[in-house]
Amino acid sequence: MVVLDQFYQIIERNTVGVPIFWKVAHVIIFIAAAVSGFLATFAFGQVLQDFNYNCLLNADIVFNNNTQFPIWTRDGTKNVSEIDLTETVWGPATGCNFAQFTPLFTMISALIWGVFFIILAKGGAGYSTDLLSKPWHIVYPCIFYCAIAFITHLVSTLKLQNGIRQFCMEFKPELHNNQCVPEIDKYTDQQFYISKGNKIFSNFYLNQEVAIISSQVGAWMWIVQLCLLIARVCCVTDYDLHLVTIIPKEEMSGSKM
């Protein structure tokens, strides 16, 4: 048989042949990103409330040595100075807004992308009754968006993490500790005594831990989603490779006879 030409052609795979793993994995990761985004936003909001909505990122805390109150530590009870609210310089609100609302924005976008992956077919050519007949069309825009979301969320996470650690360092002269410790919660009591707010969530130590960890998990979810989408493209999940062979018309007619 004479072969005039031979090449591979990429065609859309039948949706039945696309593994359900990809759809399930995308949806689960988007749900995890949304949940972590919500927790980061809520917990950091409580951190700000703990200090009367003053931005504690890059704050310069000044203590009033003339006014002290007792706190309980592992070494026993000791007196510490209160925060001098007239001399303390709080950080710019824009920094705290960025750290708080970036996870909220990524949470909303994760929910939107998750809904798309839920309502569309699992991949390939799709079905004629689908909202989008070729569901693989959303893969490439999603790759681009996940890359942007990961970078933005990572910057927000680093700003939140480093800012809170620096804030906790401001208490070193009083608490003699280089890290965030539960004793800082007593300073939130001072804030609530002044603002007369609701103390139900006034646990600074727990809130900042939840905020940082949730923000870190959110950033990881976006990079994992990005890698999964790239792997989907590299594995040619939504396509089939067909070998096309071109032979002379005479041989084709002879083979039919």
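Just so you know, in segment 214-239 the residues that are polar (S, T, N, Q) and part of a helix (DSSP H, G or I) include one that is surrounded by the fewest Cβ atoms within 10 Å (Cβ to Cβ), and it is Gln216. Checking segment 82-94 against the condition returns a match, with at least one residue being in a helix (DSSP H, G or I), surrounded by fewer than 14 Cβ atoms within 10 Å (Cβ to Cβ), of a type outside the set (A, V, I, L, M, F, W, C) and at pLDDT below 95. Tell me, please, whether a residue that is within 19 Å of Val155 (Cβ to Cβ) and hydroxyl-bearing (Ser, Thr, Tyr) can be found in segment 31-53. Yes, there is a match, as at least one residue in segment 31-53 is within 19 Å of Val155 (Cβ to Cβ) and hydroxyl-bearing (Ser, Thr, Tyr). Beta carbons closer than 7 Å, at least 6 apart along the sequence or on distinct chains, pair a first residue in segment 98-118 that is closer than 30 Å to Gly163 by Cα with a second that is outside any helix (DSSP H, G or I) for Ala99/Leu57. Any residue in segment 26-41 that is touching a Lys or Arg at 6+ places or on another chain (Cβ under 9 Å), touching a residue at least 40 places away in the same chain (Cβ under 8 Å) and part of a helix (DSSP H, G or I)? Yes.
Could you please find all residues in segment 178-190 being in contact with a helix residue (DSSP H, G or I) (Cβ under 8 Å, 6 or more places away or on another chain) and either closer than 22 Å to Gln46 by Cβ or in contact (Cβ under 8 Å) with a residue 60 or more places away in the chain (or both)? Spell out how you get there, then give the answer.
Filtering segment 178-190 down to residues in contact with a helix residue (DSSP H, G or I) (Cβ under 8 Å, 6 or more places away or on another chain) leaves 178-185, 187-188.
The answer is Gln179, Cys180, Val181, Pro182, Glu183, Ile184, Asp185, Tyr187, Thr188.
The values are calculated or read from the model by the stated rules, or taken from the named source; none is laboratory data. Bear in mind that the values here come from a model prediction, so they are computed numbers and not experimental data. Positions of Cβ are generated from backbone atoms using ideal geometry, with glycine treated the same way; all protein chains shown enter the neighbour counts.
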